[in-house]
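A.B. asks: My questions all concern the structure below.
The values are calculated or read from the model by the stated rules, or taken from the named source; none is laboratory data. Being a predicted model, the structure only gives us computed values, none of them experimental. As a convention, Cβ positions derive from the backbone with ideal geometry for all residues, glycine included, and neighbour counts pool all protein chains shown.
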Amino acid sequence: MTKILEFIDSIFVAAKAWILCLLGHFLPAWIVVLVSITISGVVILCLGPVIMMYLTLLERKLIGRIQNRYGPNRVGIWGLLQPIADGIKMFTKEDIVPANADKVIHLLAPIAIVVPALMIFLVVPFGKGMTTVNLNIGLLYFIAVSSITILPIFMGSWASRNKYSLLGGMRTAAQMISYEIPMTLAVVPAIMMSQSLATNAIVLAQAGGHGLNWFIFTPWGIVGFIIFFLCATAECNRPPFDLPEAESELVAGFHTEYSGMKFALFYMAEYMNAFTLCGIAATLFLGGWQGPFLPSWLWFFGKTFILICVMIWFRGTFPRFRVDHLMAFAWKFLLPLTLINILLTALWQFTSNLAAWCGSILVLGISLWTLVKLNRTFVPEKRHYPLES
Amino acid sequence: MIGIPLSHILIFSLLLFAIGVYGALVRRNIIGILISIELMLNAANINLIAFSKYTSLSPATGQIFAIFVIAIAATAAAVGLAIVLALYRVRKTVYTDEVNLLKW
Amino acid sequence: MPILEMAAKFGTYAVMAVILIFALGVVTLRNIFHCALCLAAALIGTAVLYVAFRAEYLAAIQILLYVGAVVTLIIFAIMLTEHLAGKTVRQNNSQSPLAIAGLLGFVALLTVVILKTPWPVTQTALKAKVSVMALGEALMGTYVFPFEVISIILIAALIGTVVIAKKDAPEERL
């Protein structure tokens, strides 16, 4: 029984090893290395778009349920072929480029935005031994690559020669720079406790204890997870942080002037970013691919999809932020909280008994209360004018 | 990496530095000058890394000084661009030869 | 595997060539926005070069700080100071021939110096690998004083930037 489970667990790793072993019999070693790289690359290049396509379906279905309607259900059973129909529609649409646009940059922007979104997949640990490239700076690589995403958005918004695009681009820059800082700092506690930047090592540091060693089951872990998840929602411009493409204010933000496949590429990058950010959140705080009975990759995808469903739930529930509230939330609330969290984690490394639990909950509670008090928006008191007569 | 001799890397970074100097000398736009300065700092960083990789100094030293250089470059860019914005607000131009009030 | 090593070597030379081409773009293009994008490309190329030098940590820092922060700042400044569909104005001043002549002499001189100098290249140094741990320990141990000075400079720059860039009139504060 355990043998079978282990086999299912490592089925993808085994399949790749088997192919390479087969090729190794009659091909020189350097071709086998190239083939190994190609296999990983092709798998990722297929996985990204497929995940994106079915995320759109999942989102439309769930949003439909939240809004008391069915969502797409005409194409295929349960609408399962809807993403393919959407893809065909996107491919056959006319590609419109504004007359005054900066043609080259306008073309490059959607291509350039997909590249970092796909590159992040390289360090996501999909299962036991299923990290594509086990970089020793994995997490830093993730942060660095996801910070490139700002540039293509700038390119698209500037090259469109459209005021709504430009406004959307400016808002995106402000938002992404601001939320990148708390996101990076929220990751630091997990790095401190696992003493490694490699994603695989972080997963292994949460092993054992019947799942109670997951970082989310500590005071600093839960705070870090919530901050990371909020910042992740803001980083991939999803509601309630979707100011860059706020339909009711800016038409469609930075991709106003894009149509057809170029628009689809922007869309694809957004959904792939949502997936990888949820995957990294699951890796950092929810124990990654660890869990009993089921194969490890299934655990990883399960946790990730639960997080994505929470993101979709956000979209169905919350109204959009206002710009100044958005910036104030990042700089005045999340940033101090992450710093306090890092300090707590440093203390946690020395003691982690009951007293430490109570103490850290107390400190976090006090700081949360103080921050909420300090961040309260000033509402002038209602003035009463006594009637004259 | 072993295959490339140190002198090739040094000549490469020298060329990069020279291009940066050229940009800083001939650009009219202040932002263009700032961009060229970033290129020059980048060339210096490549040199630091190459030396720490090829010679038997402490291998960490080069990287750490490169990190310091990057931090300084970031502050330089931030302060420089703030000055550019303040200048643009006052004089409505970012071209160096149009800001000649004190020149005679 | 000699073929892969050869490929890595020529790949590195190709990356260098690409960086130089983009650097030329930075100083010659007339559209300042294109210049900034060329700078971003050159910096990403440099990060790739760092990976080839086995300095992965620095490569990540390079992308995070230069491409993620500095280039974004520059593009932000360009957006605030340029007109969206403005006419292309002359970007270079008249010092170009003089600068080229002087820099050619500079490059020639330094090339001779570089080729003449016997660099103390050692095989042990080429094999050495710097872990992130070692970097962190050096940063917090040997170089803790410069590290603190850099922190102070960053804080000073932060405050100074805010003071310079904010509007003068006090009633117009954000």
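A.B. asks: Keeping to the stretch A:152-177, report how many residues are crowded, with 22+ Cβ neighbours inside 10 Å, within 19 Å of the chain's Cα centre (by Cα) and within 7 Å of another protein chain (Cβ to nearest Cβ).
C.D. replies: Result for the stretch A:152-177: 1.
A.B. asks: Tell me which residues, restricted to the stretch B:51-69, are at the interface with chain C (Cβ under 7 Å from one of its Cβ atoms), surrounded by fewer than 22 Cβ atoms within 10 Å (Cβ to Cβ) and over 19 Å from C:Gly141 (Cα atoms).
C.D. replies: B:Thr55, B:Ser56
A.B. asks: Related question: Going through A:Leu337, A:Leu347, A:Leu298 one at a time, which residue ends up being over 20 Å from A:Trp220 (Cβ atoms) and either assigned to a helix (DSSP H, G or I) or touching a helix residue (DSSP H, G or I) at 6+ places or on another chain (Cβ under 7 Å) (or both)?
C.D. replies: Every option except A:Leu298 fails the conditions.
A.B. asks: Any residue in the stretch A:198-209 that is modelled with pLDDT of 80 or more, within 14 Å of chain C (Cβ to nearest Cβ) and not in a helix (DSSP H, G or I)?
C.D. replies: yes
A.B. asks: Can you pull out the residues in the stretch B:13-30 that are under 17 Å from C:Ala101 (Cβ atoms) and of a type in the set (Val, Ile, Thr)?
C.D. replies: Within the stretch B:13-30, B:Ile19, B:Val21, B:Val26 qualify.
A.B. asks: Of the residues in the stretch A:66-103, how many are small (Gly, Ala, Ser), in contact with a helix residue (DSSP H, G or I) (Cβ under 6 Å, 6 or more places away or on another chain) and within 14 Å of chain C (Cβ to nearest Cβ)?
C.D. replies: Qualifying residue count, the stretch A:66-103: 1.
A.B. asks: Just checking, how many residues over the stretch C:25-39 are more than 20 Å from B:Ala73 (Cα to Cα) and touching a helix residue (DSSP H, G or I) at 6+ places or on another chain (Cβ under 6 Å)?
C.D. replies: 2
A.B. asks: What number goes with the only condition from (1) at pLDDT below 85; (2) among the hydrophobic types (A, V, I, L, M, F, W, C); (3) farther than 30 Å from A:Phe293 by Cβ that A:Ile63 does not pass?
C.D. replies: Every condition holds for A:Ile63 apart from (1).
A.B. asks: Can you pull out the residues in the stretch C:48-78 that are more than 15 Å from A:Ile137 (Cβ to Cβ), at the interface with chain A (Cβ under 9 Å from one of its Cβ atoms) and touching a residue at least 12 places away in the same chain (Cβ under 8 Å)?
C.D. replies: C:Val67, C:Val71, C:Ile75, C:Ile78 - these are the residues of the stretch C:48-78 that are more than 15 Å from A:Ile137 (Cβ to Cβ), at the interface with chain A (Cβ under 9 Å from one of its Cβ atoms) and touching a residue at least 12 places away in the same chain (Cβ under 8 Å).
A.B. asks: Follow-up. Looking at A:Ile51, A:Ile44, which is the one that is assigned to a helix (DSSP H, G or I) and modelled with pLDDT of 85 or more?
C.D. replies: After ruling out the rest, the residue left standing is A:Ile51.
A.B. asks: Being farther than 19 Å from A:Ile226 by Cβ and loosely packed, with under 14 Cβ neighbours inside 10 Å is the filter here; which residues of the stretch A:353-372 pass it? Show your work before the answer.
C.D. replies: Start the filter on the stretch A:353-372 by keeping residues that are farther than 19 Å from A:Ile226 by Cβ, which leaves A:353-356, A:358-359.
A:Asn353, A:Leu354, A:Ala355, A:Cys358 - these are the residues of the stretch A:353-372 that are farther than 19 Å from A:Ile226 by Cβ and loosely packed, with under 14 Cβ neighbours inside 10 Å.
A.B. asks: Give the stretch B:1-29 a look and list any residue that's more than 7 Å from chain C (Cβ to nearest Cβ) and surrounded by fewer than 22 Cβ atoms within 10 Å (Cβ to Cβ), or say none.
C.D. replies: B:Pro5, B:His8, B:Ala24
A.B. asks: Regarding B:Ala43, is this residue more than 30 Å from C:Leu98 (Cα to Cα) and part of a helix (DSSP H, G or I)?
C.D. replies: For B:Ala43, the condition - more than 30 Å from C:Leu98 (Cα to Cα) and part of a helix (DSSP H, G or I) - is not met.
A.B. asks: Also: If I go through the stretch B:35-49 residue by residue, how many of them are more than 7 Å from chain C (Cβ to nearest Cβ) and under 17 Å from C:Ala23 (Cα atoms)?
C.D. replies: Selection size over the stretch B:35-49: 7.
Matching residues to (1) within 9 Å of chain B (Cβ to nearest Cβ); (2) within 26 Å of B:Ala73 (Cβ to Cβ); (3) touching a Lys or Arg at 6+ places or on another chain (Cβ under 9 Å); (4) exposed (fewer than 14 other Cβ atoms within 10 Å of the Cβ):
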position: C:Phe106; (1), (2), (3), (4): yes, yes, no, no
position: C:Lys116; (1), (2), (3), (4): no, no, no, yes
position: C:Ala134; (1), (2), (3), (4): yes, yes, no, no
position: C:Thr142; (1), (2), (3), (4): yes, yes, no, no
position: C:Phe145; (1), (2), (3), (4): no, yes, no, yes
position: C:Ile152; (1), (2), (3), (4): no, yes, no, yes
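A.B. asks: Could you list, in sequence order, the residues of the stretch A:363-379 that are outside any helix (DSSP H, G or I) and among the small types (Gly, Ala, Ser)?
C.D. replies: Once the filter is applied, which keeps residues that are outside any helix (DSSP H, G or I) and among the small types (Gly, Ala, Ser), the stretch A:363-379 yields nothing.
A.B. asks: Another question about this same structure. Restricting the first residue to the stretch C:93-121 and requiring it to be under 29 Å from B:Val94 (Cβ atoms), which pairs with a second residue that is of a type in the set (Ser, Thr, Tyr) and at pLDDT 85 or above meet a Cβ separation below 9 Å and a spacing of at least six or different chains?
C.D. replies: Qualifying pairs under 9 Å: C:Ser96/B:Tyr22; C:Ala99/B:Tyr22; C:Ile100/B:Tyr22; C:Leu103/B:Tyr22.
A.B. asks: Take the residues in the stretch A:220-273 that are on the phi > 0 side of the Ramachandran plot and in a helix (DSSP H, G or I), then tell me which one is modelled with the highest pLDDT.
C.D. replies: Per the criteria, the residue is A:Gly260.
A.B. asks: Take the residues in the stretch A:315-330 that are part of a helix (DSSP H, G or I) and within 20 Å of the chain's Cα centre (by Cα), then tell me which one is surrounded by the most Cβ atoms within 10 Å (Cβ to Cβ).
C.D. replies: Among those residues, the one meeting the criterion is A:Ala330.
A.B. asks: Within the stretch A:1-59, can you find the residues that are surrounded by 13 or more Cβ atoms within 10 Å (Cβ to Cβ) and hydroxyl-bearing (Ser, Thr, Tyr)?
C.D. replies: Matches in the stretch A:1-59: A:Ser10, A:Ser36, A:Ser40, A:Tyr54, A:Thr56.
A.B. asks: Taking the options A:Thr56, A:Thr149, name whichever one is polar (S, T, N, Q) and more than 14 Å from every other protein chain (Cβ to nearest Cβ).
C.D. replies: A:Thr56
A.B. asks: Does A:Phe305 satisfy being hydrophobic (A, V, I, L, M, F, W, C), in a helix (DSSP H, G or I) and either more than 28 Å from the chain's Cα centre (by Cα) or more than 30 Å from A:Gly64 (Cα to Cα) (or both)?
C.D. replies: No, not satisfied.
A.B. asks: Within the group A:Ser360, A:Ser352, A:Ser389, which residue is outside any loop (DSSP other than H, G, I, E, B) and at pLDDT below 85? Working first, answer last.
C.D. replies: Numbers: A:Ser352 fails: outside any loop (DSSP other than H, G, I, E, B); A:Ser389 fails: outside any loop (DSSP other than H, G, I, E, B).
After ruling out the rest, the residue left standing is A:Ser360.
A.B. asks: Please verify whether A:Ala117 is more than 9 Å from chain C (Cβ to nearest Cβ), touching a residue at least 40 places away in the same chain (Cβ under 8 Å) and either surrounded by fewer than 22 Cβ atoms within 10 Å (Cβ to Cβ) or within 29 Å of A:Glu249 (Cα to Cα) (or both), treating the condition exactly as stated. Talk me through it step by step, then tell me what you get.
C.D. replies: On the way: more than 9 Å from chain C (Cβ to nearest Cβ): yes; touching a residue at least 40 places away in the same chain (Cβ under 8 Å): yes; either surrounded by fewer than 22 Cβ atoms within 10 Å (Cβ to Cβ) or within 29 Å of A:Glu249 (Cα to Cα) (or both): yes.
For A:Ala117, the condition - more than 9 Å from chain C (Cβ to nearest Cβ), touching a residue at least 40 places away in the same chain (Cβ under 8 Å) and either surrounded by fewer than 22 Cβ atoms within 10 Å (Cβ to Cβ) or within 29 Å of A:Glu249 (Cα to Cα) (or both) - is met.
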